[in-house]
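Notes follow once the structure below has been shown.
The values are calculated or read from the model by the stated rules, or taken from the named source; none is laboratory data. Given the structure is predicted, the values throughout are model-derived calculations rather than measurements. Here the Cβ positions follow ideal geometry from the backbone for every residue, glycine too, while neighbour counts run over all protein chains shown. These accessible areas exclude ligands, DNA and RNA; they are computed on the full protein's heavy atoms, side chains included. Shrake-Rupley method; radii C 1.70, N 1.55, O 1.52, S 1.80 Å.
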Amino acid sequence: MNVKTFKEYKELGISPDILFWVGCAGSYDDRAKKITKSLINLFNKSGISFGVLGVEESCSGDPAKRAGNEFLFQMQALSNIEVLNSYQVKKIVTACPHCFNTIKNEYPELGGIYEVVHHSQLIDQLINDGKLKIKDDQFNGKKITFHDPCYLGRANGEYYAPRKVIKALRADLKEMKSCKEKAMCCGAGGAQMFKDSEKGNKEINIKRTEEAIETKSNIIAAACPFCNTMLTDGIKSHENHKEVQVKDISELIDKVTD
Amino acid sequence: MQFLSSLLFAIIFFSASFFFANNCKKIYRNINLGGSLDRFGNKKERFLKMSRLAFGQSKMLDKPIVGLLHLIVYVAFILINIELLEIVLDGFTGKHRVLAPFLGAFYNFLIGFFEVLALLVIISVLIFWIRRNILKIKRFVSKDLTGWPKNDADYILFIELLLMMLFLNMNATDSILQNASYSDLYQSYGYFPVSQFLIPIYDGFSLETIYIIERTSWWMHILGILFFLNYLYYSKHLHILLAFPNTYFSNLDKKGKSNNLKSVYHEIKLMIDPSYKIPNDELQNDTKFGASDIFDLNWFQLLSAYTCTECGRCSNDCPATQTGKLLSPRKIMMKTRDRIEDVSRNVDKNKIFVSDGKTLLNDYISKEEIWACTTCNACVESCPIGIDPLSIILDMRRYMVMEESTASNEIHTMMSNIENNGAPWPFNKFDRINWRN
Ligand code: SF4
Ligand code: SF4
């Protein structure tokens, strides 16, 4: 992969414009690593100057904070901020809405002030600026539904950037019965990803996947590695709909640009 | 006779006002059982938000039909209260329709307009009743609403219906007395586009009987209103007053932003640097992290508990409630209010709060509920009056994790992984960039 860390760049005397915050899922989870790679492909294709933190990156602290461990969260935040500030980072992009939300909204009070964008916003901008050119029509007219991540949508009010990206594929965007402000959660947030759910009559991800299947789409577009896992698991448990694919928007754009 | 009636009116009016003022004081006292929170800046933005949500009811119109009906009841409620001014003046002075001579033709217009509003309220209230009791809309038949909350909702609809019918009946009998020039008091005042249709009911009644019916309706109407005013304290209907301060003081930040606990910040700084000085105004003797009872919540959260209308929009959109989990954000707000009211009775009795061995967490809200939340903010988004049930849930998690260490093993494992490996999973932190190879 054509990607360097800020440390490596520093040794070369270069300071990249944008830091790509990979996040824990993007670094370790096999499915999410593919999203990381697609996004790096897109950065390279568009020729922007970016780097990663590599082993100097650590969990943003979001799962700890949402689980109620404010100590651990602030410890993580303060040490991340120290690293980020030491490289004088100005702008951060991330494919994880949880990292995005925490760094954007909760780090500033702790001394970490950056321009933070979600990858859907940056991709949308790169397409607009003509830095990413869609060359392939494989998604032309294909039915794609989009699942709003809670921490991008409701938490930060961004509903349109990912939709504009999907429209740029010339795909047929099918909305689920609950979407945008009213979109149902995939079930992973608030540290639920790391625990069994409480007793109920259904798993949240199964219910959300049913809403996605009702749109009769071929592809469920996600914009969060955790949503991606939850929806992929949801599809696996629906015997008759195994053909439906769950893809991150960066993977879709990666397929049609060069 | 006239004097006695004025005196009686004055006694009733002042006692009702006294009780009401007393209840208001209690609510104020109880809200201040909560901790501090700075929600006083950005006055202009706050005012605009209040105008949009409380006056404009913008979120209510997400569901256009109910939203419109609710708007009718609300606007009518406010406007008809102008008529109340005259009723009170009449009550004190023993006069009848005391404002009519001053307002002239405009008076006729007002009375006519109020009658139309009253009719619209009657229709809306009937539809509301049907939605609750015959159509059984899902959010109204939930297990959150059993006993008092269910009855409360129906009582309110009944009181509103009754008040409007008394108002119209009062006007109908009044106009009969006016036409018959029953006495000096019944001059020809007002215009009665709706209540005139009630007149035939009284065919064949003697004027004396009609006079008694008119007086009875008048008294019942004003007594009903004074009763309603004092009923508010015990009811979800408090929102007709508190929706204004609640929306005014509601969160203006991005919904995703949770507060960073200052107390934790200082403690970490002290750990790193023992000479670190905590700013004087933030020094606390006994810092308790998170919330196990209402005293640990902030005043805005307590205000919200009083404001909650129990409409269930939040729970309707909550993924946990939707999938049959115990958690229901509406219930979080209702239980918080229940606890405030129990504490309030305790304080009334003992002057100060004497421990009753109970806490909001565990005795009112279970841990299972608190752990079922995905922090998705759907409840916050759907609340029409700016309530944030998620903030209470998070404060309770903080207590369980930082004070009690009672989170599940899975949560503990996740946290120790973050602590040791910088990731919620048990991977080596030096492998963090292995994906590059
Ligand atoms: S934030 Fe929690 S309580 Fe509120 S809707 Fe989401 S899961 Fe339910
Ligand atoms: S918190 Fe808001 S949405 Fe939920 S029941 Fe109360 S008023 Fe309705």
Residue check, A:S46 among the small types (G, A, S), open to solvent by 10 Å² or more (accessible area, probe 1.4 Å) and under 23 Å from B:N259 (Cα atoms): no
So B:L238, is it open to solvent by 40 Å² or more (accessible area, probe 1.4 Å), in contact with a helix residue (DSSP H, G or I) (Cβ under 8 Å, 6 or more places away or on another chain), assigned by TED's automatic domain parsing to the domain that holds B:M165 and in a helix (DSSP H, G or I): no
Count - residues of the range B:292-331 that are more than 23 Å from B:L33 (Cβ to Cβ) and away from ligand 1 (no atom under 13 Å from the Cβ): 1
Residue in the range A:10-17 that is within 9 Å of chain B (Cβ to nearest Cβ), at negative phi and of a type outside the set (V, I, T) present: no
Condition check for B:K255: within 14 Å of another protein chain (Cβ to nearest Cβ), open to solvent by 50 Å² or more (accessible area, probe 1.4 Å) and more than 16 Å from ligand 1 (Cβ to nearest atom): no
Some residue of the range A:39-52 being touching a helix residue (DSSP H, G or I) at 6+ places or on another chain (Cβ under 6 Å), within 12 Å of chain B (Cβ to nearest Cβ) and not basic (K, R): yes
Considering residues of the range B:296-337 that are within 14 Å of chain A (Cβ to nearest Cβ), more than 12 Å from ligand 2 (Cβ to nearest atom) and open to solvent by 20 Å² or more (accessible area, probe 1.4 Å) only, the residue farthest from B:V66 (Cα to Cα): B:D296
Failed item in (1) surrounded by fewer than 23 Cβ atoms within 10 Å (Cβ to Cβ); (2) within 15 Å of ligand 1 (Cβ to nearest atom); (3) more than 12 Å from every other protein chain (Cβ to nearest Cβ), with B:Y364 passing the rest: (2)
Residue that is nearest to the other protein chains (Cβ to nearest Cβ), among those in the range A:64-101 that are among the hydroxyl-bearing types (S, T, Y) and more than 20 Å from the chain's Cα centre (by Cα): A:S79
Every residue from the range A:108-151 that is within 14 Å of chain B (Cβ to nearest Cβ), in contact with a helix residue (DSSP H, G or I) (Cβ under 6 Å, 6 or more places away or on another chain) and over 28 Å from A:S217 (Cα atoms): A:L110, A:G111, A:G112, A:V116
Filter result (facing chain A (nearest Cβ under 7 Å) and not hydrophobic (A, V, I, L, M, F, W, C)) within the range B:389-414: B:R397, B:R398, B:S408, B:E410
Every pair of residues 6+ apart whose Cβ atoms lie under 8 Å, when the first sits in the range B:371-388 and is at the interface with chain A (Cβ under 7 Å from one of its Cβ atoms) while the second is within 10 Å of ligand 2 (Cβ to nearest atom) and open to solvent by 20 Å² or more (accessible area, probe 1.4 Å): B:A378/B:D317; B:E381/B:D317
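Every residue, every condition in (1) modelled with pLDDT under 95; (2) in contact with a His (Cβ under 8 Å, 6 or more places away or on another chain); (3) not polar (S, T, N, Q), yes or no:
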position	(1), (2), (3)
B:E267	yes, no, yes
B:I272	yes, no, yes
B:K277	yes, no, yes
B:K288	yes, no, yes
B:I294	no, no, yes
B:L297	no, no, yes
B:T323	no, no, no
B:N346	no, no, no
All positions within the range A:200-226 that are within 15 Å of ligand 1 (Cβ to nearest atom) and part of a loop (DSSP other than H, G, I, E, B): A:G200, A:K202, A:E203
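Condition check ((1) away from chain B (no Cβ under 12 Å); (2) farther than 17 Å from A:H98 by Cβ) across all residues:
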site	(1), (2)
A:R163	yes, yes
A:I166	yes, yes
A:M176	yes, yes
A:M184	no, yes
A:G187	no, no
A:Q192	no, no
Long-range neighbours under 6 Å by Cβ, at least six apart or interchain, first residue at the interface with chain A (Cβ under 7 Å from one of its Cβ atoms) and without any contact (Cβ under 8 Å) to a residue 24 or more places away in the chain within the range B:415-437, second of a type outside the set (F, W, Y) and open to solvent by 80 Å² or more (accessible area, probe 1.4 Å): B:G422/B:K429; B:R436/A:M1
Near pairs, Cβ below 7 angstrom, 6+ apart or cross-chain, from the range A:1-26 (within 14 Å of A:L39 (Cα to Cα)) to any residue that is part of a strand (DSSP E or B) and among the hydroxyl-bearing types (S, T, Y): A:W21/A:T94; A:G23/A:T94
Residue selected from the range B:162-191 under the condition within 20 Å of B:G204 (Cβ to Cβ) and among the small types (G, A, S), by the criterion surrounded by the most Cβ atoms within 10 Å (Cβ to Cβ): B:A172
Residue match in the range B:344-355 (condition: crowded, with 19+ Cβ neighbours inside 10 Å, outside any helix (DSSP H, G or I) and not small (G, A, S)): no
